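Following: one structure in structure tokens, then a few remarks.
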Amino acid sequence: MMKQSLLSVRGIAIAIMLLLLALLPVYSHATGNIFALTLFTRILIYALAAASLNLIMGFGGMMSFGHAAYLGIGGYAVGILAHEGIASGFVQWPVAIAVSALFALVIGALSLRTRGVYFIMITLAFAQMAYYIAAGMARYGGDDGLTIYKRSDFAGLINLSDKVQFYYLCFVLLLAAIYLIYRIVNSRFGMVVQGARSNEKRMQAIGFPTYRYQLTCFVIAGTLCGIAGALLANNTDFVSPAIMYWTRSGDLMVMVILGGMGSLFGPVFGAIVLLVLEELLSQFTEYWQIILGPMLLLIVLFARGGIDGMLGRRTHD
Amino acid sequence: MTDALLQVKNLSKRFGGIVATDDLSLDVRQGELHALIGPNGAGKTTLITQLTGQLTPDSGAVLFAGEDISSLPAYQRSQLGLARSFQITSLFLDMTALDNVALAVQAHAGHSFRFWAPARGEAELRDPARAALARVGLGERMNVRAAAMSHGEHRLIEIAMALAAKPRLLLLDEPMAGLGPEESARMVTLLRELKRDYAVLLVEHDMEAVFALADRITVLVYGRAIATGAPDAIRANEDVKRAYLGEQKAVTRHG
Ligand SMILES: Nc1ncnc2c1ncn2[C@@H]1O[C@H](COP(=O)(O)OP(=O)(O)O)[C@@H](O)[C@H]1O
Ligand SMILES: [Mg+2]
């Protein structure tokens with residue numbers, strides 16, 4: 001689907017967006033607008049987190065309301081190791097990935113025994129649990145969070161303290177994640193996951209043990225989001241329980257729905273629109289949420305396929 | 001009876017006070033189309049569900065090609081060659097007809113923990129799916145999304161999905177339910193063709209179709225087989241007339 005649509009409105013919109021994202025550091029360097037670079041670094045990281053949520057929510061039909069938990073787990077893996085004097089990214093990042101995967105395995109194994117509202121509530125409950133555990137870790141700042149004094153050290157391979165290098169790392173990881181998701185959803189595995197979203201009973205009747213495929217998908221998504229968490233902690237030089245709060249999970253869901261559920265680049269559009277609007281509106285008024293809320297509601301109600309739907313993507317229904 | 005592909009021996013199933021299957025024995029021979037008729041609630045669907053292994057009988061045995069498959073799980077039975085279609089259409093509506101059937105092929109092509117190669121490019125999955133769709137007459141409609149297709153076409157996709165499992169025995173649960181006269185005629189033609197290649201156990205309310213297609217007919221009432229025989233014998237059978245054929249109109253209206 002990636003290839004066929006390159007010349008459509010949608011293909012062009014995606015190409016332009018990627019080009020602008022690729023050139024943003026150049027613009028920022030030329031104009032001295034550091035703020036744009038900072039904002040868009042954050043956008044890329046949230047786009048990665050939203051893309052990972054889209055894998056289970058958009059393609060898999062698993063409405064996880066606790067996805068921000070992995071942002072926190074990835075972030076705390078980096079923060080705690082840094083705090084304990086282990087600054088090497090070659091240690092921090094594999095740990096972030098492994099712990100996220102393990103957490104997703106446990107949460108998924110339990111919550112995937114339920115469906116619908118129960119699934120939403122259980123994933124939410126686990127994320128809130130992670131939030132309170134983090135808030136209770138007195139050694140690591142508790143409620144106030146943990147400052148990271150030194151960014152992940154990749155032994156000269158890449159310097160995360162360099163804003164431009166860090167931006168491009170986020171950009172490349174985002175593209176890699178989207179490509180990975182593209183391969184996954186079109187593979188046999190992806191067909192099973194999407195079949196289960198479409199009609200799970202029928203999948204079981206024709207002989208697919210859907211649970212183990214859904215669980216695997218859930219773990220992949222959690223792991224990808226854990227990487228976004230490691231990036232986010234490095235970006236802010238700080239990690240706190242707030243990163244896992246349920247409103248953050250809600251933001252990720254909004255990005256996915258806004259961009260278009262089950263659309264490869266939808267989460268990128270969703271993250272850009274949500275975070276840019278948030279930024280703009282908050283400059284005009286401190287009540288920006290009162291304006292943003294209804295706006296999002298309108299987009300979701302009237303453009304059912306989200307932004308990618310407006311661009312002409314056919315959605316499943 | 002050496003040429004019996006499927007043998008059901010003294011099968012019983014109760015749901016609380018309801019006896020859905022009552023000491024039922026029947027067989028389907030190689031190359032035979034065996035029709036199972038009976039009023040609503042007679043236990044026809046329940047029997048099929050026990051044959052495929054989705055429901056466990058209280059007692060009795062099911063033999064397939066001489067082998068006792070009573071304790072095999074559903075997926076192993078389907079690997080041996082038992083395939084069913086569903087009375088109530090249940091498809092992947094947001095996917096194309098070809099994707100629907102290809103998933104049925106994939107279910108029988110080993111595990112699906114393959115994350116990289118594009119499934120839609122795999123001849124191993126697509127070719128049998130295309131063949132099955134062509135077989136039911138949907139060759140031109142493969143790339144249409146199921147949601148955009150008619151009920152009659154959905155029934156045909158159901159059959160194509162059963163065929164995709166490389167079955168030896170087809171268990172068809174009311175394939176004509178809800179079809180208009182023209183679509184029914186098309187389905188009868190298709191079933192007549194399929195009958196040449198597969199043994200079929202056909203549950204159907206459409207008596208005209210049943211008497212036109214069946215080699216043998218079993219009449220089920222309250223889970224019990226009250227008669228089995230050639231169509232002419234069934235038509236002439238007094239018990240059957242009393243229990244079922246006389247009230248056929250009332251029954252088909254429900255179906
Ligand atoms: N899962 C179930 N639980 C309880 N009763 C059931 C169940 N499935 C079927 N029955 C009952 O068993 C009887 C046979 O049903 P069914 O096999 O669907 O009949 P048919 O397909 O011949 O119309 C009916 O009385 C039905 O209500
Ligand atoms: Mg029935």
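The values are calculated or read from the model by the stated rules, or taken from the named source; none is laboratory data. Being a predicted model, the structure only gives us computed values, none of them experimental. Heads up, the Cβs are rebuilt from the backbone with ideal geometry, glycines too, and the neighbour counts pull from every protein chain shown. Just so you know, the surface numbers come from the protein's heavy atoms only, side chains and all, with ligands and any DNA or RNA stripped out. Shrake-Rupley method; radii C 1.70, N 1.55, O 1.52, S 1.80 Å.
Criterion applied to A:168, A:213 was being at pLDDT 95 or above and within 14 Å of chain B (Cβ to nearest Cβ), and the one residue passing it is A:213. As a summary of the residue check, residue B:136 satisfies the conditions (1) open to solvent by 60 Å² or more (accessible area, probe 1.4 Å); (2) away from every other protein chain (no Cβ under 13 Å); (3) of a type outside the set (Phe, Trp, Tyr) except for the one numbered (1).
Evaluation of residue B:121 against the conditions (1) over 27 Å from residue B:138 (Cα atoms); (2) without any contact (Cβ under 8 Å) to a residue 24 or more places away in the chain; (3) within 13 Å of another protein chain (Cβ to nearest Cβ) shows that the sole unmet condition is (1). One residue stands out among those in the stretch B:213-229 that are touching a Gly at 6+ places or on another chain (Cβ under 9 Å) and not in a strand (DSSP E or B): the one that is nearest to ligand 1 (Cβ to nearest atom), which is B:223.
Restricting the stretch B:202-223 to residues that are within 16 Å of ligand 2 (Cβ to nearest atom) and open to solvent by 30 Å² or more (accessible area, probe 1.4 Å), the residue that is nearest to residue B:192 (Cα to Cα) is B:206. In this structure, residue A:298 qualifies as open to solvent by 20 Å² or more (accessible area, probe 1.4 Å) and free of Cβ contacts under 8 Å to residues at least 12 places away in the same chain.
Yes/no matrix, rows are residues, columns are (1) over 12 Å from residue A:227 (Cα atoms); (2) open to solvent by 10 Å² or more (accessible area, probe 1.4 Å); (3) not polar (S, T, N, Q):
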site: A:53; (1), (2), (3): yes, no, yes
site: A:56; (1), (2), (3): yes, no, yes
site: A:66; (1), (2), (3): yes, no, yes
site: A:74; (1), (2), (3): no, no, yes
site: A:81; (1), (2), (3): yes, yes, yes
site: A:84; (1), (2), (3): yes, yes, yes
site: A:109; (1), (2), (3): yes, yes, yes
site: A:113; (1), (2), (3): yes, yes, yes
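Listed here are the residues, each with its yes/no results for (1) away from ligand 1 (no atom under 13 Å from the Cβ); (2) within 14 Å of another protein chain (Cβ to nearest Cβ); (3) of a type in the set (Ser, Thr, Tyr).
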| residue | (1), (2), (3) |
| --- | --- |
| B:29 | yes, no, no |
| B:32 | yes, no, no |
| B:39 | no, no, no |
| B:45 | no, yes, yes |
| B:48 | no, yes, no |
| B:57 | no, no, no |
| B:60 | yes, no, no |
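On inspection, residue B:93 passes the criterion of being more than 16 Å from ligand 2 (Cβ to nearest atom), open to solvent by 20 Å² or more (accessible area, probe 1.4 Å), at pLDDT 95 or above and within 14 Å of chain A (Cβ to nearest Cβ).
Restricting attention to the stretch B:170-181, the residues being open to solvent by 60 Å² or more (accessible area, probe 1.4 Å) and within 16 Å of ligand 1 (Cβ to nearest atom) number 1. When the stretch B:163-190 is filtered for residues that are at pLDDT below 95 and under 17 Å from residue B:103 (Cβ atoms), the ones remaining, listed by number, are B:164, B:165, B:166, B:167. For the stretch B:9-25, which residues satisfy the criterion of being within 14 Å of ligand 1 (Cβ to nearest atom) and part of a strand (DSSP E or B)? The answer is B:11, B:12, B:13, B:14, B:15, B:18, B:19, B:20, B:21, B:22, B:24.
In the stretch B:74-90, the qualifying residues are those that are surrounded by 15 or more Cβ atoms within 10 Å (Cβ to Cβ) and within 16 Å of ligand 1 (Cβ to nearest atom), and the one that is nearest to the other protein chains (Cβ to nearest Cβ) is B:90.
Summed over the stretch B:194-212, residues that are within 14 Å of residue B:175 (Cβ to Cβ), part of a strand (DSSP E or B) and more than 14 Å from ligand 1 (Cβ to nearest atom) total 1. Residues that are within 30 Å of residue A:186 (Cβ to Cβ), assigned to a loop (DSSP other than H, G, I, E, B) and aliphatic (A, V, I, L, M): does the stretch A:62-80 have at least one? Yes - at least one qualifying residue is present in the stretch A:62-80. Every listed requirement among (1) touching a residue at least 40 places away in the same chain (Cβ under 8 Å); (2) surrounded by fewer than 22 Cβ atoms within 10 Å (Cβ to Cβ); (3) within 17 Å of the chain's Cα centre (by Cα) is met by residue B:184 save one, (1).
Of A:152, A:88, A:100, which residue is surrounded by 20 or more Cβ atoms within 10 Å (Cβ to Cβ), in contact with a strand residue (DSSP E or B) (Cβ under 8 Å, 6 or more places away or on another chain) and more than 30 Å from residue B:126 (Cα to Cα)?
A:152
Inside the stretch B:26-59, residues that are part of a strand (DSSP E or B) and either open to solvent by 40 Å² or more (accessible area, probe 1.4 Å) or not assigned by TED's automatic domain parsing to the domain that holds residue B:176 (or both) make up a count of 2. Close Cβ contacts (under 6 Å, 6 or more residues apart or on different chains) running from residues in the stretch B:36-48 that are more than 8 Å from ligand 2 (Cβ to nearest atom) to residues that are assigned to a helix (DSSP H, G or I) and not hydrophobic (A, V, I, L, M, F, W, C) comprise B:36/B:44; B:38/B:44. Among all positions in the stretch B:66-73, there is no residue which is within 16 Å of ligand 2 (Cβ to nearest atom), open to solvent by less than 50 Å² (accessible area, probe 1.4 Å) and out of contact with any helix residue (DSSP H, G or I) (no Cβ under 8 Å at 6 or more places or on another chain).
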